[in-house]
Structures are given as structure tokens and as C-alpha cells.
Amino acid sequence: SDEGFFYTNFQMEFVPPETPIATPTASPSISPAPSTSPSLTQSIVAGASCVSDVPEYDNMYALTDDLTFYWNTTTADSTTMAARLHSKKLAYVSWGVAPDTRGLMIGSEAIIGLPSVANSKSNPGKYHMVSKFLEGTFLMDEEQQTLIQEGGGSSITQDEAAGTTTLSFVKKLVEPGEIPILATGENTFMWAIGGHNGLGWHPDYGVFQLDLSAGCEALSRQGLHDHKADWIAHGAFMFIAWGIAAPLSLLSAQLGKYKVHVWANHACLICTAIGVFISYRTTAAEGLDHFDGTHPMVGLIAFCLCLLQAVNAVVCIPTTSEEANSSNEKQEQQKANKAVEIAVTLNDTSSHNIDSASNSSNGSSHSIAASCYKRFQMSFARLVRYTLLGVATWLVYSGIRLYADSYSTSNMLASYFVVWIIAIVSLYGAWYIIDSARLRGRSKTNSNEGDGQSVS
């Protein structure tokens, strides 16, 4: 109570026991409670102890806060390895061995456990990994599915209540046609945790080096560079080049804004070059073959066409000043031709007039040849331009889809890009029709004026 303590009277009666109780010789000692609970992750990372908390395994190591790796120590005479990965996520788990210390996915081999599929000889199963796409990760042949199943040695299990997934396996160290695992010496292993129970892109992954004959003190984690951001940058530069700069170049030329046309072409070429450089560098970092596949090969062809178009514009097509000089030469030539016609009409056969007519005829032939050559160059440039636009549009679209397949993201961005291109083509087509109608009207007006002057 808030006002004080209350008590009451009571009586107690002590009855002596029949058998006397022995008096303790010393008072019991009580150990003080630990100030903090032990941290398993801290002790593992510090290397003080990595003794497994699962009796079936000798060692354990926390690869991340959500993934622990267990394994048995091997000796020089060992022919198999036993290991387990315990994940605090409800998703598929995989473990792999790399052919070199880079720990790249391409060219490595994996053991993948799919919780959505019943345990069998091929689940957990051994997989080839030949590309980063889903179709590039596939089961090895049936005769290569040699994981030891006896005694539950290889399995994939889930505890939905606890939210955990466990992949256990026993694998032969050396098998024909596969990457060998060293019983003594450093190996490069990798791991991945999927986004769901079915096989697909894995948001969590890593690489580590380990000597199976040593304790966890010999385990080292390798830092990884996620190339997802690099591919996003590649796609962004290509979209700026062919989704914005190239269409702007076409529209500005149609509108007669030639300075905008030139700068938009420059932006397109520069962004394309940067995008190609990022792609080349990232492909090398991932250990992939350059120009292996339809998209990179067509991309190389498109880049070459882009360079050819730039050379054609700079070297073959006259500049503005050259156009002006050409226009003045044409006017002088037209005057000379008119003088020749007058001289012929008046039957002027003087040697001076004959020489003038001859020179004018030669100049006219040269002008016709130059005009034909220029028409060819302009037609070639137009052909390359529209071919390049079509190819580049397909490249951006296919690149978006490849990215979505690689990282299990939505394909909606590809649909948005198609809508964007349709809008630009519609705008360009509408302006082309309007401009053509305007030019036809002007030509008809000039023709009528010319007929009126002839009649007069």
C-alpha cells in the first residue's frame, strides 16, 4: 500500500525430523551470471573457436549473418567431403567449386538444393554453370549425379516455422570431367541463396577460400564486385544514345535545326562509345567471352556502322561553306549555259564563243558527275542511318530483356521502351507527312508562277 506496511499475528510449530539432517561442511559457491551472452559469430570471426555445434561436423563458420557453413576435416587420404549450409531464409541454397581463385560463376560447378522439389538422386543435384542466364545453369548428366545419399548424407530440408533451409551433401573430391577438390590445400568455393524455392536469380552470393584439412582459421572470404550497377550504366548510356539523341537528331534535321542535329549526333556517338567500353570492361571482369552471343555481336556491328556514319558525315558530305561555294558555282554555270544558248540561237560562230561553249559543256559534265556522287553519298548515309536506328532499337530492347532474365526482374521496362519508340516514330511520321505536303504545295505554286511568266 502507498500508506505503509500491514502485518498480522501467526503461529508456527517446528516438528523435529526422525533422521537428523547433516550439516554441510562448507557453504555452496554460486557462479556469477555472465554479463553478456556469448556471441557465436564473434567467436568464429575472431578465430578463437569454430567447433561445430552439430555433432555430424567438425567445423563451422558464419559466412554471413544468415548463412553458416559446416564441414568435416579431411586428410591426405580422404576421398570425399561432407558439408552443410544452414540458411535463415526460405529459399534454395547452392554451393559450388570454382576452377581458379577468381571465383567466377561461369565455368564453375555447383550443388543446388531446391526445396520446391522432392529429395532424389538429382536433388540436391550437381549442375554445370556456363552462363549467367537461367538456361546456362543446368543439371549434369544422370551418370554424374554421384552425391552420396546413404544415411541422409545429401538432402535439402526446410523448417517453415523457423524460417530456415538446410543443404547437406557428401561429395567425392575427384571425379572424371569435373573440377577437382583438394583434400589438402586451398580451394575456391562459392555459395548462393535464391530469392525463392525455385531455381532463379540469387540476391545473396559470395566466394571463399578454404583448406579442408585445416580449421576455420584457414578460411578467408573474398570480396565480390556486383556487376549489376555496371550493366545498368551500360543500358542507361545506350538508351540516351538511341532512345533520345538519335531520334532528336532526326527530328531536328527534319525541322531544319542543323546545329541541334550535329550536336545530337555527337552525343549519340559519345554515349555509344562509353556504353561499349562499359560492356567490354564488365564482360572481361565477369570472365565471359567478348562478343559471344547474338546481342554483343550485333552490338559490335552497330558500333562499327555508327563510326562509319560519323566518318561519312565528316569526310564525304560537304560542309556549309562548301555548300555555299557549290551553290555559287552552280549559279555561274547556269549563266554560262544561258550565254551558250543565246550564242547558238544567234548563230554566233566566232572562235571566242565556241571556246566559251566548250568550256561550259565541260563544266556542266563535271557538275553532273559531282551531283551524282553526292546523291549516292546522301542515299548511302540515309540507308545506314535507318538501318542503324532499327538495329540499335532492337539492341536496347533485347538488352533490357537480357538484364531482366539475368537478375530476375520485371520485363515491364522493355514494354515502356517499345511505347517510347512508337511515340517517337509517330511524331516523326506525322511531321514528315506535314512537311512533304508543304513542299508539294510550294512546288506547285512555283510551277504556276513559272507558267505565268512563260505565257507573258
Looking only at the range 126-146, count every residue that is outside any loop (DSSP other than H, G, I, E, B) and open to solvent by 60 Å² or more (accessible area, probe 1.4 Å) and tell me the total. 6
Tally up the residues in the range 252-264 that are surrounded by 17 or more Cβ atoms within 10 Å (Cβ to Cβ) and modelled with pLDDT under 90, please. 2
Looking across the range 104-125 at residues that are assigned to a strand (DSSP E or B) and without any contact (Cβ under 8 Å) to a residue 24 or more places away in the chain, the single one that is most open to solvent (accessible area, probe 1.4 Å) is S120
Of the conditions (1) over 30 Å from A381 (Cβ atoms); (2) surrounded by fewer than 14 Cβ atoms within 10 Å (Cβ to Cβ), G194 fails just one. Which one is it? (2)
Residue hits (the range 56-73; under 16 Å from F208 (Cβ atoms) and part of a loop (DSSP other than H, G, I, E, B)) are D65, D66
The residue that is farthest from L212 (Cα to Cα), considering only those in the range 147-171 that are exposed (fewer than 15 other Cβ atoms within 10 Å of the Cβ) and not hydrophobic (A, V, I, L, M, F, W, C), is E160
Over the range 235-249, the set of residues over 18 Å from V418 (Cβ atoms) and either in contact with a Cys (Cβ under 6 Å, 6 or more places away or on another chain) or open to solvent by less than 30 Å² (accessible area, probe 1.4 Å) (or both) is F237, A245, S249
Filtering the range 151-169 down to residues that are farther than 25 Å from T74 by Cα, part of a loop (DSSP other than H, G, I, E, B) and not acidic (D, E) yields A161, A162, G163
Can you list the strands (runs of 3 or more DSSP E) lying wholly within the range 170-246 that have 2 or more residues being within 29 Å of A91 (Cα to Cα), modelled with pLDDT under 90 and not acidic (D, E)? 204-211, 220-222
Condition first: under 23 Å from A91 (Cα atoms) and of a type in the set (G, A, S). Now tell me which residues in the range 142-163 satisfy that. G152, G153, S154, S155, A161, A162, G163
Pairing a residue in the range 66-80 that is farther than 17 Å from F189 by Cβ with any residue that is basic (K, R) and part of a loop (DSSP other than H, G, I, E, B), where Cβ atoms lie under 7 Å and the two sit 6 or more apart in sequence or on different chains, gives D66/K88; D66/K89
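The values are calculated or read from the model by the stated rules, or taken from the named source; none is laboratory data. What you see is a predicted model; the values in this text were computed from it and never measured. Glycine also receives a Cβ, built like all others from the backbone with ideal geometry; neighbour counts cover every protein chain displayed. Quick note on the areas: whole protein, heavy atoms, side chains included, nothing else; ligands and nucleic acids left out. Shrake-Rupley method; radii C 1.70, N 1.55, O 1.52, S 1.80 Å.
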